[in-house]
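Notes for the one structure printed next.
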2 protein chains.
Amino acid sequence: MPEISVTRRVRATPFTNRVNAAGVKAYTVYNHMLLPALFSTPEEDYRHLKNAVQIWDVSCERQVEITGPDAARLVQLMTPRDLTRQKVGQCTYSPTVDATGRILNDPVTTKLADDHYWVSVADSDVILFAKGLAIGANLQVTVSEPDIHPLAIQGPKAFDLAAHVFGDHVRDIGFFRFGYVEFGGRQHVIARSGYSTQGGFEVYLNGTDLGEPMWDALMEAGRPWDVRAGGPNLIERVEGGLLSYGSDMTTEHSPYEAGLGRYCHPDRISCVGSAALMDEAENGPARIVRSIAIDGKPMSNPHIPVALFDGDKWVGQITSAVFSPDYQTNVALGMVEKSHWEPGTELTVMAPDGRRNAVIREKPFSA
Amino acid sequence: MPEISVTRRVRATPFTNRVNAAGVKAYTVYNHMLLPALFSTPEEDYRHLKNAVQIWDVSCERQVEITGPDAARLVQLMTPRDLTRQKVGQCTYSPTVDATGRILNDPVTTKLADDHYWVSVADSDVILFAKGLAIGANLQVTVSEPDIHPLAIQGPKAFDLAAHVFGDHVRDIGFFRFGYVEFGGRQHVIARSGYSTQGGFEVYLNGTDLGEPMWDALMEAGRPWDVRAGGPNLIERVEGGLLSYGSDMTTEHSPYEAGLGRYCHPDRISCVGSAALMDEAENGPARIVRSIAIDGKPMSNPHIPVALFDGDKWVGQITSAVFSPDYQTNVALGMVEKSHWEPGTELTVMAPDGRRNAVIREKPFSA
């Protein structure tokens, strides 16, 4: 692959110097920021993530900070998920849709206080949607991007490492709940969350200047558990059925098609797109994201679009696919038409290197 | 530098196969899309751009299509530039600001019809701002991203090449005006514009399927003029004083600070941020973008932030800098405080490799 060209427009993070020193081999760009994508081989990064603990520079999960008397009203407008009973201390997965009910992002909304939220966004500028809505509807809010940079601690040893560095109280934080830790004389939010299914935390670094000290403290303390620099791993995330906005669901799709219907309650709240979503909820979606097993040797170009067929009939699209060492098959995610989405359905994939057999699964591989 | 990691989320363009075949050495990511950044060396790409003609895949200049009875009202809300007298056929540089008058993007707004606009955006998701504003203010518009992909023809031979492929009428298109060309049985917008100061056009490819045929036609016809694949060139753009949103101006800055005050008329139109902009217009900005000459040998890491000093006093920030073979100095852009922005002011740059002398210029190097 070609190199990545870096300018000021593609922002470095508080951890970039350390990521470079750790020997990053490939970056991607996410929310105008560098996201480390590869350190060894995809398979070695994967094996290590499943066995040990990794530190991920996920600063690119930018926070949209919303404060003011209308803050709760704005965050609710932005998602069909019912946030009316969200408590302070809770992180809530909350897809954002437009007026036609199509997905603009799938952020996590963190409630810091009744009039203070962070919306932790996937790869699109939700801050512009929030600003536009607030201006158009004349809401009394301030929308800004704070000097906050998530650093993930992921893997089976994440709990031991985080407890060692930040204190045993972090073990008591519930799933998708957050607490606070002290580091460098400052308080930082720490949430039990992360973009893997191996468990762990995301520390919301509070202030660029503490980035390298925090990275170093975690790396130093993590030696007994073989801590390494890492990043979201394609194999592990597809095994776990974790969707990537922009890959597995886009602005072409509704939350129902993305399998996120259980998070949508457009009938009981005031949100953008509610009419379109209620229509779709009544009839059900026309297609849905499924985990899919694809036979044969490792697929060579996981990002090349490949279609799903029943005989000669197009019935869907593979959106992510990669060979899994643990499951010894190509694990995939794809958007499958209603006529063929039943688990167990046998289909054909038109891969760049020829036809392969595929089977629709009921659940993700590692679920 | 590390490689770039490509997934479906980082979108390929209708021209990516041809760009890869042309031997692209580095990509950047712009609006979630691949933007070719390097083919030979920066200096060779630069020399060729100034002497011949290049084809640039700038599909990443995404179009926000706005149609409907309130289309003109929405595009005017999004910019302090007065668009009330914009004619069909005109492309207008139109900075977008938020409620506080800070820049969200610096797009070109193209008027296709009285109720039909394309906003051709720099690197941020203006489509989300437009959707948010339209929903919040309950405007009767449709906001979408069409299957349109700009391909730039840039360089002194651009006119000859475009006329050869599309017909001599393209020579009559005025600066920042557009016309139409026929190719592959379809009409495509062609504008006399582009992100260089060498002259040329941007063809707004109408339909992904015609991308490779159009690329091939231009490359085949361009042989007599030594046509090559290229992309925006840092040296050429800094010489010409072309700003890059995200590098030389960000969401921290106002259009006045970015030197775009002549495009702002918040007093005579209804636009977002007008109150903040009128305040700033009255007092004048506190800092401004300037072209700056920096002495000494080529600066090694043009993207590393370097500060401007008057003795020991911080007075600004270099935002883009690179050595120019033609001017035999480091050419730069920077944001300079009011106390030191007068042309001819001599300052000191704290570069990673030591102190250098710098001089504020009145105009861009090639102006």
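Considering Cα pairs under 8 angstrom that are at least six residues apart, work out the relative contact order of region A:8-64 and quote it in whole percent.
It comes to 35 percent, rounded to a whole number.
Give the shape of region B:36-91 as rounded, prolate or oblate, defined through the alpha-carbon gyration tensor: a ≥ b ≥ c are the square roots of its eigenvalues, a/c under 1.5 means rounded, and otherwise the shape is prolate if a/b is larger than b/c and oblate if not.
prolate
Give me a comma-separated list of calculated 3J(HN,Hα) values for region A:250-258, in order, Karplus coefficients 6.51, -1.76, 1.60 applied at θ = phi - 60°, integers in Hz, x for any Gly or Pro.
After applying 6.51 cos²θ - 1.76 cosθ + 1.60, I find 9, 5, 7, 10, 9, x, 5, 5, 7 Hz.
When a/c is below 1.5 the answer is rounded, else prolate if a/b is larger than b/c, else oblate, so apply that to region A:62-153 with a ≥ b ≥ c taken from the square roots of the Cα gyration tensor eigenvalues. It would help to have the intermediate numbers written out before the result.
Working: a/c = 1.25, a/b = 1.12, b/c = 1.11.
It is rounded, given that a/c, with a ≥ b ≥ c, falls under 1.5.
Please report the spacing between the Cα centers of region B:326-365 and region A:318-367 in Å, no decimals.
57
Using alpha-carbon positions, what is the distance between the centroids of region B:1-69 and region A:9-55, in Å?
23
Anyone know which of A:Leu333, A:Leu83, A:Leu139 comes out most mobile in the 10 Å Cα GNM of chain A?
Highest fluctuation of the listed residues: A:Leu139.
For chain B, set up a Gaussian network in which alpha carbons nearer than 10 Å are linked by springs, and say which option among B:Lys157, B:Lys297, B:Lys50 fluctuates the most.
B:Lys297
Roughly speaking, what is the stretch gain from A:Asp295 to A:Glu212, that is 0.36 nm per residue apart minus the C-alpha to C-alpha distance, in nm to one decimal? Provide the component values of the computation, followed by the final result.
Details: separation 83, 0.36 × 83 = 29.88 nm, distance 4.39 nm.
My answer for the length gained is 25.5 nm.
For region A:92-143, take every pair of Cα atoms, bin their distances at 5 Å starting from 0, and report each bin as a whole percent.
With 5 Å bins starting at 0, P(r) equals 5, 19, 26, 29, 19, 3, 0.
Which of the listed residues, A:Leu205, A:Phe159, A:Phe175, is farthest toward the dipole's positive end in region A:70-219, when Lys, Arg count +1 and Asp, Glu count -1 at the beta-carbon?
Value computed over the given set: A:Phe175.
Once you keep just the Cα pairs under 8 angstrom separated by 6 or more residues, what percentage relative contact order results for chain A? Let's see the in-between values first.
Values: 848 pairs, mean separation 62.4, N = 367.
Relative contact order for chain A comes out at 17 percent.
Check B:Gly199: other-chain or 5+ apart residues with amide H under 5 Å from its amide H, H built from backbone geometry?
Under 5 Å from the amide H of B:Gly199 lie the amide H atoms of B:Gly155, each far enough along the sequence or on another chain.
Among A:240-250, A:20-30, A:97-107, A:117-127, how do they line up from the highest to the lowest mean number of other beta-carbon atoms within 10 Å? Kindly include the intermediate steps, with their values, before the conclusion.
Numbers: A:240-250: 20.8, A:20-30: 19.2, A:97-107: 23.3, A:117-127: 26.0.
Sorting A:240-250, A:20-30, A:97-107, A:117-127 by mean packing, highest first, produces A:117-127, A:97-107, A:240-250, A:20-30.
If you count, for every residue in A:134-140, the Cβ atoms of partner chains within 10 Å of its Cβ, what is the mean?
On the way: counts 5, 10, 13, 6, 2, 1, 0.
That average works out to 5.
How much FRET efficiency would the formula 1/(1 + (r/R0)^6) give for B:Arg355 and B:Tyr327, where r is the Cβ-Cβ distance and R0 is 25 Å, rounded to 0.05? Could you put the intermediate results ahead of the total?
Working: r = 21 Å, r/R0 = 0.83.
E between B:Arg355 and B:Tyr327, to the nearest 0.05, is 0.75.
Provide an ascending nm list, one decimal, of label-point separations from A:Glu252 to the equivalent residue in each further copy; define each label point as 7 Å from Cα along Cα→Cβ.
Reported distances to equivalent positions: 3.9 nm.
Where the label is 7 Å out from Cα toward Cβ, how close does A:Asn17 come to the same position in every other copy, in nm, shortest first?
So the label point of A:Asn17 gives 4.5 nm to the other copies.
Let me know the mean shielding of B:33-46 by other chains, meaning the per-residue number of their Cβ atoms within 10 Å of its Cβ. Before the final figure, lay out the partial values.
Details: counts 0, 2, 1, 2, 6, 3, 1, 0, 0, 1, 0, 0, 0, 0.
Mean inter-chain Cβ contacts per residue within 10 Å come to 1.
If you split all Cα-Cα distances of region B:253-367 into 10 Å bins from zero, what percentages do you get per bin, shortest first?
14, 42, 27, 14, 4
Please identify every one of the GluC sites (Glu not before Pro) in region A:288-367 that sits in a loop by DSSP and has no more than 11 other beta carbons within 10 Å of its own beta carbon. List each step's numbers first, then the result.
On the way: sites: A:Glu337, A:Glu346, A:Glu362; in loops: A:Glu362.
Of the GluC sites (Glu not before Pro), the ones in loops of region A:288-367 whose Cβ has at most 11 other Cβ atoms within 10 Å are A:Glu362.
Please state, rounded to one decimal and in Å, the Kirkwood hydrodynamic radius that region A:173-299 gives when every pair of distinct Cα atoms enters the mean of 1/r.
Details: mean 1/r = 0.0544 Å⁻¹.
The answer is 18.4 Å.
Can you work out D for chain B in µm² s⁻¹ from Stokes-Einstein, where Rh is the Kirkwood radius over C-alpha pairs, the temperature is 10 °C and the viscosity is 1.306 mPa s?
Details: Rh = 21.4 Å.
D, rounded to a whole number, is 74 µm²/s.
Which of the three applies to region A:108-220, rounded, prolate or oblate, going by the alpha-carbon gyration tensor with a ≥ b ≥ c and a/c under 1.5 meaning rounded? List each step's numbers first, then the result.
Working: a/c = 2.18, a/b = 1.90, b/c = 1.14.
Prolate, because a/c is 1.5 or more and a/b exceeds b/c.
State, to one decimal in nm, how far the label point of A:Tyr93 lies from the label point of B:Ser40, with both points 7 Å from Cα in the Cβ direction.
In this crude spin-label approximation the distance works out to 5.1 nm.
Can you tell which of A:Gln76, A:Gln198, A:Gln140 shows the greatest fluctuation in a Gaussian network model of chain A with Cα springs below 10 Å?
A:Gln140
Using only the C-alpha atoms of the protein assembly as shown, find the volume of their convex hull and express it per residue in Å³.
Details: hull volume 117.3 nm³, N = 734.
Normalising the Cα hull of the protein assembly as shown by residue number yields 160 Å³.
Based on DSSP H runs of at least 4 residues, each adding -39500 (n - 2.57), what is the mean residue ellipticity at 222 nm of chain A after dividing by all its residues, to the nearest 500 deg cm²/dmol?
Working: 8 runs with 70 residues, N = 367.
Helix contribution divided over all residues of chain A: -5500 deg cm²/dmol.
Tell me, what ³J(HN,Hα) does each residue in region A:286-292 have, in order and in whole Hz, if you take phi through Karplus 6.51 cos²θ - 1.76 cosθ + 1.60 with θ = phi - 60° and put x for Gly and Pro?
Result, ordered by residue: 8, 7, 8, 6, 10, 7, 9 Hz.
Under the convention of a label 7 Å out along Cα→Cβ, give the distances in nm from A:Gln140 to the same position in every other copy, shortest first.
Distances to the matching label points in the other copies: 3.3 nm.
Which whole-Hz couplings ³J(HN,Hα) result when phi for each residue of region B:75-91 is put into the Karplus expression 6.51 cos²θ - 1.76 cosθ + 1.60, θ = phi - 60°, listed in order with x for Gly and Pro?
5, 6, 4, 7, 8, x, 6, 6, 9, 5, 9, 5, 9, 4, x, 9, 10
Can you tell me the order of A:203-211, A:179-187 when each peptide is scored by its average per-residue count of other Cβ atoms within 10 angstrom, highest first?
Details: A:203-211: 19.6, A:179-187: 14.3.
The packing order, highest mean first, is A:203-211, A:179-187.
Which far-off residues, 5 or more places away or on another chain, put their amide H under 5 Å from the one on B:Val97, with H placed in the peptide plane?
Correct list: B:Leu104.
For peptide A:93-103, how many partner chain Cβ atoms fall within 10 Å of a residue's Cβ, on average? Could you put the intermediate results ahead of the total?
On the way: counts 0, 0, 0, 1, 0, 8, 7, 4, 0, 1, 0.
So the per-residue partner count for this stretch is 2.
Under 5 Å between amide H atoms, partner at least 5 residues away or on a different chain: which partners does B:Val315 have, H built in plane at 1.01 Å?
Result for B:Val315 returns B:Leu308, B:Phe309, B:Asp310.
Which pairs break 23 Å Cα to Cα here: A:Lys297/B:Lys25; B:Lys50/B:Lys338; A:Lys111/A:Lys131; B:Lys87/B:Lys363? Could the numbers behind the result be given before it?
Working: A:Lys297/B:Lys25 30 Å; B:Lys50/B:Lys338 34 Å; A:Lys111/A:Lys131 19 Å; B:Lys87/B:Lys363 30 Å.
Correct reply: A:Lys297/B:Lys25; B:Lys50/B:Lys338; B:Lys87/B:Lys363.
Before anything else, pin down the relative contact order of region B:170-327: Cα pairs under 8 Å, at least 6 apart, normalised by residue count, whole percent. Write out the running numbers ahead of the final one.
On the way: 150 pairs, mean separation 22.7, N = 158.
It comes to 14 percent, rounded to a whole number.
Report the semi-axes of the equivalent ellipsoid for region B:1-133 in whole Å, largest first, where each axis is √(5λ) for an eigenvalue λ of the Cα gyration tensor. Present the calculation step by step, with values, prior to reporting the outcome.
On the way: eigenvalues 204, 59, 39 Å².
Square roots of five times the eigenvalues give 32, 17, 14 Å.
Quick note: the coordinates plus some simple rules give every number you see, no bench work behind them. All values derive from a computational prediction rather than experimental measurement. Neighbour counts run over all protein chains shown; Cβ positions are idealised from the backbone, glycine included.
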